[in-house]
Amino acid sequence: MGNSCVCRDDSGVEDNIEPQNPQAENSVAPTPETRIRPRDPVRPPRRGRGPHEPRRKKQNVDGLVLDTLAVIRTLVDNDQEPPYSMITLHEMAETDDGWLEVVQSLIRVIPLEDPLGPAVITLLLDECPLPTKDALQKLTEILRLNKAIACQDACNPAKHRNTAAVLGCLAEKLAGPASIGLLSPGILEYLLESLNFQSHPTVMLFALIALEKFAQTSENKLTISESSISDQLLRLETWINNSDYLKRQVGFCAQWSLDNLFLKEGRQFTYEKVDVSNINAMLNSNDVSEYLKISPHGLEARCDASSFESVRCTFCVDSGIWYYEVTVITSGVMQIGWATKDSKFLNHEGYGIGDDEYSCAYDGCRQLIWYNARSKPHSHPCWKEGDTIGFLLDLQKKQMVFYLNGNHLPPEKQVFSSAISGFFAAASFMSYQQCEFNFGAKPFKHPPSIKFNTFNSHAFLTPDEKIILPRHRRLALLKQVSIRENCCTLCCDEMADTELRPCGHRDLCMDCALQLETCPLCRQDIKTRIRLISHIS
């Protein structure tokens, strides 16, 4: 992921971390991976020490965390050696005391102004072994969080932001009793107090995200709901269109929580009152994972999960010249551009737009163009909040052009060696990233000088197709759906008439089977697909 490995030998002290507590031996050591991991947008492959390789030299843990943050933008190629700092932090976290030291360092040193700071917290904790019950108990004793602590150090919002980000990441990783145990009365008080207007907006944002992730456990959701959190969210929702992009993120998450998690009696759902009469093309909420948040008008998306989430437009084009724009709400890692019907989006494996031969993407954070999981640098400066990114698709000349605030790059043509039609506008999001799409429902900020078409002027959606339902209402509808016997387990529309070989599973239709490379039941590679004659009427 980059051109070279970041390897250092800064200290002569051997990294010999002795646990002070004998119970630290209960921590779970990670299993070294024996296969090549698919490409992740920022996560390097794990590499443990070989049987004859000595432990690496110890460096100050704060320095290791800052080194990881500094090199994270260079981690782009799948075959690059993981950076020294990340390998060493993973090794340290294999003991309870080492894990605690890493977590405290993440809270202490990640700066407020770096757009990738919270994502690095998530990246490092997600790769570390799960903490033991003893380690979690020690962490709560060390932090001593409560309502009063949330009001202290107001001049140091980075510490509070990082604390909330750590809590949110742990809530996402843990489940059931472990998550319930972590949400102590003191931690709940701390997060709720952090939602007050006296807090820095970024502290408010990550406190809300942490509460969302704790609410993934039903008992925690009930506990949080009983705290009258919805009253404060109603006030924060007023920031939904704020000109300050940080406050806008708070407003977006507050509205999403009110619609999906912490319901307020008597409050009308946003999708019931939003005006979408002039919107004919939007983000497709029917083929995204549950981890991606899409606004009720279908034009804004956000990812707060540790996975690399993708979304595409509802409208597909086969010929002509097309243009759309994106407003950058957060300046971290996103890959935005064009994808086709054949593109594969694997969120947990890190495959997104530009990571196969059927898509191409612009990455303004790392200043890269992505195609077929390979990147090349571009000449635009790093994007920032409020920037407008333009995307021109010319199917006559078989080229794509990317713009930053009206300034264009040279055309990209690689994708047309594999695809010539069936293009969608599409985007992939790293953790805590958000942007807004304009498919032509309102005037463009930097339209190209050539004549082009817009999705909104050619697409059509029925009133029902424009509705983006909250999760609980969508689940209620799914429970009412009647699925016929012997239907395909993926699409639930066609008959399961195909056998996968060599595994022999028969739960798919041929259309779905042709889109898969491995069996979804046993994960065995698919060599051939055989249509079963007895299933054809």
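The values are calculated or read from the model by the stated rules, or taken from the named source; none is laboratory data. Computed from a predicted structure; not experimentally measured. FYI the Cβ positions are ideal-geometry reconstructions off the backbone, even for glycines, and counts take in every protein chain you see. For the accessible areas, the whole protein counts, side chains as well, though only heavy atoms, and no ligand, DNA or RNA atoms are used. Shrake-Rupley method; radii C 1.70, N 1.55, O 1.52, S 1.80 Å.
Pairs are defined by a Cβ separation below 9 Å, a sequence spacing of at least 6 or placement on different chains, a first member in segment 218-231 that is without any contact (Cβ under 8 Å) to a residue 24 or more places away in the chain, and a second member that is open to solvent by less than 70 Å² (accessible area, probe 1.4 Å) and among the basic types (Lys, Arg); no pair meets this definition. Residues that are surrounded by fewer than 20 Cβ atoms within 10 Å (Cβ to Cβ) number at least 1 in the following helices (runs of 4 or more DSSP H) confined to segment 194-264: 218-225, 229-236, 245-260. Test CYS360 against the stated conditions and say whether it is among the hydrophobic types (A, V, I, L, M, F, W, C), surrounded by fewer than 16 Cβ atoms within 10 Å (Cβ to Cβ) and closer than 23 Å to PRO448 by Cβ. No: the conditions fail for CYS360.
Only residues that are at pLDDT below 95 and touching a strand residue (DSSP E or B) at 6+ places or on another chain (Cβ under 6 Å) were counted across segment 296-309, and they come to 2.
Scanning segment 100-117 for residues that are open to solvent by less than 10 Å² (accessible area, probe 1.4 Å) and of a type outside the set (A, V, I, L, M) turns up SER105, GLY117. Restricted to segment 310-347, and to residues there that are charged (D, E, K, R) and at pLDDT below 95, the residue that is nearest to the chain's Cα centre (by Cα) is LYS344.
SER277 meets all of the listed conditions (1) within 16 Å of ARG473 (Cβ to Cβ); (2) of a type outside the set (Lys, Arg); (3) over 14 Å from the mean Cα position of the chain (by Cα) but one, namely (1). Residues in segment 410-426 that are among the aliphatic types (A, V, I, L, M), under 30 Å from ASP304 (Cα atoms) and in contact with a Ser or Thr (Cβ under 7 Å, 6 or more places away or on another chain): VAL415, ALA426.
Does ARG302 qualify as being open to solvent by 20 Å² or more (accessible area, probe 1.4 Å), closer than 19 Å to ILE389 by Cβ and assigned to a strand (DSSP E or B)? It is false that ARG302 is open to solvent by 20 Å² or more (accessible area, probe 1.4 Å), closer than 19 Å to ILE389 by Cβ and assigned to a strand (DSSP E or B). In the set (1) in a strand (DSSP E or B); (2) surrounded by 21 or more Cβ atoms within 10 Å (Cβ to Cβ); (3) not small (Gly, Ala, Ser), THR327 fails one condition alone, (2). Is there a residue in segment 405-428 that is buried (at least 19 other Cβ atoms within 10 Å of the Cβ) and farther than 19 Å from GLU357 by Cβ? Taking every residue of segment 405-428 in turn, none turns out to be buried (at least 19 other Cβ atoms within 10 Å of the Cβ) and farther than 19 Å from GLU357 by Cβ. For segment 137-156, name all the residues that are open to solvent by 90 Å² or more (accessible area, probe 1.4 Å) and either in contact with a strand residue (DSSP E or B) (Cβ under 9 Å, 6 or more places away or on another chain) or touching a residue at least 24 places away in the same chain (Cβ under 8 Å) (or both). ARG144, LYS147 - these are the residues of segment 137-156 that are open to solvent by 90 Å² or more (accessible area, probe 1.4 Å) and either in contact with a strand residue (DSSP E or B) (Cβ under 9 Å, 6 or more places away or on another chain) or touching a residue at least 24 places away in the same chain (Cβ under 8 Å) (or both).
Answer yes or no as to whether LYS159 is within 18 Å of MET86 (Cβ to Cβ) and of a type in the set (Lys, Arg). When the stated conditions are applied, LYS159 does not pass them.
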